[in-house]
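Step one of this worksheet: look at the structure below.
Just so it is clear, none of the values below were taken in a lab; they were calculated from the coordinates. Worth saying up front: this structure is predicted, and the values here are computed from it rather than measured. Methodologically, a virtual Cβ is constructed for each residue, glycine included, from the backbone with ideal geometry; neighbour enumeration extends over all protein chains shown.
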Amino acid sequence: MVSAASGPPRQPVFAELGQECAAGNFKGGYGFHPLTAWCDNTGELLAVIARSGNAGSNTAADHIAIIDAAIAAVPARWRRNLLVSIDGAGSSHAVVEHLTALNARPGWSVQYSVGFDLDERVRTAIGQTPEQVWEAALDAAGKARGDAQVAEVTGLLRHSTGGDRLDTWPDGMRILVRREEIETGAQLSLFEQANGYRYQPLATAAAGGQAQRLEARHRVHARVEGFIRCGKATGLAKWPSGSFAINTAWITAAAIAIDLLCWTRLLLLDGALAKAEPATLRYRLLHAAARLVSHARMLILRIPEPWPWAEDFADAFNRVRAIP
């Protein structure tokens, strides 16, 4: 984004963008690097933290702050049985220990499922895993897949030669590994290239459950990518001001808009519109040329009859009125 103003700048200028706290990020881009937390059950944006572009992807303090903010955003009656899923950026000691402490509170269940580093100890455990231990991964319908397998390597890491190689982590932490056939163009480590598979380790504290189902549960985290895409289309993609404080206010307003659209889909729409993305909702409903008129002491919302989604608009409006 370009911010232009006459006279001397009223805030620090970074590079040519004129935006406070804009900086290069770890993906090679330039701008900002916010953290977001989403509710998988509803698609709501529970919390967002504005950060400078060079903020670390695995900064434990930021992850802990947004976890606590997200839990606080969940209604109290639903906070006591939670699953927190994070990608590989969340596999730091401080984050896992914080989640373990949350789970230890009486009457609480806070499980976690986070990506784990494919480091030397995990690579060694994979190399020691017999072929017959690998089981078929499950797809979204719970059926076995032929192109991916799952194995648990906790025993090899905890009790194999060399002692407990997870001794600095909480006792209940388990390590699962998914392997899948290599896709063209995938970025791979030398270890993966030599073995002929792409590996994705994850850590969880679930005391029971099959490795296949626990791994499938973690794969649901991929829905976050869809949430983020819709969030960018609702204002998170472009921060308009040269002031970081104003940009922070902007993303707060964007978060409100994201949740309003989310609950519009959940409560007011059905069919294809209940799954529509922001651009579709804007075109079909939000930009409809409706008119509010007064007649016989009543307010009437008039929608052009030829509008293809006029009935959907009217149904949504009537559902709003029916909410207690």
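Quick notes on this structure:
- Derived scalar couplings ³J(HN,Hα) [region 305-322; Karplus, 6.51 cos²θ - 1.76 cosθ + 1.60; whole Hz; x for Gly, Pro]: 4, x, 4, x, 10, 4, 5, 4, 4, 5, 4, 5, 5, 5, 5, 4, 5, 7
- Distance (nanometres) between label positions extended 7 Å along Cα→Cβ at L190 and A290: 6.3 nm
- Gaussian network model of the chain, springs between alpha carbon atoms under 10 Å - residue of Y112, Y199, Y283 with greatest fluctuation: Y283
- Vicinal HN-Hα couplings computed from phi for region 35-42 (Karplus, 6.51 cos²θ - 1.76 cosθ + 1.60; Hz; Gly/Pro x): 10, 10, 10, 10, 8, 5, 5, 10
- Mean ellipticity per residue at 222 nm, deg cm²/dmol - from DSSP H runs of n ≥ 4 across the chain, formula -39500 (n - 2.57): -10000 deg cm²/dmol
- Per-pair calculated FRET efficiency, R0 = 30 Å: M298 and A69 via Cβ, rounded to 0.05: 0.10
- Shown in residue order for region 159-170 are the 3J(HN,Hα) couplings computed by the Karplus curve 6.51 cos²θ - 1.76 cosθ + 1.60 at θ = phi - 60°: 10, 8, 4, x, x, 6, 8, 10, 5, 8, 9, x Hz (x for Gly and Pro).
- For S52, distant residues with modelled amide H under 5 Å away: H33
- For the peptides 285-294, 214-223, the ranking by packing is 214-223, 285-294, with the highest mean count of neighbouring Cβ atoms within 10 Å listed first.
- In straight-distance terms, cross-link reach from K232 covers every one of the aspartates and glutamates whose alpha-carbon lies under 18 Å from its own, apart from those fewer than eight places away in the same chain; here that gives D40, E44, D259, E277.
- Summing +1 for each Lys or Arg and -1 for each Asp or Glu among the other residues whose beta-carbon sits under 14 angstrom from that of D259 gives 0.
- Within-15-Å neighbourhood charge of V150 [Cβ basis; K, R +1; D, E -1]: +1
- Summing Lys and Arg as +1 and Asp and Glu as -1 over all other residues whose Cβ lies under 10 Å from the Cβ of A203 gives a net charge of 0.
- As a length-normalised measure over Cα pairs under 8 Å and 6 or more apart, the relative contact order of region 238-322 settles at 22 percent.
- Computed over the alpha carbons of region 238-322, Rg followed by Dmax gives 16.0, 50 Å.
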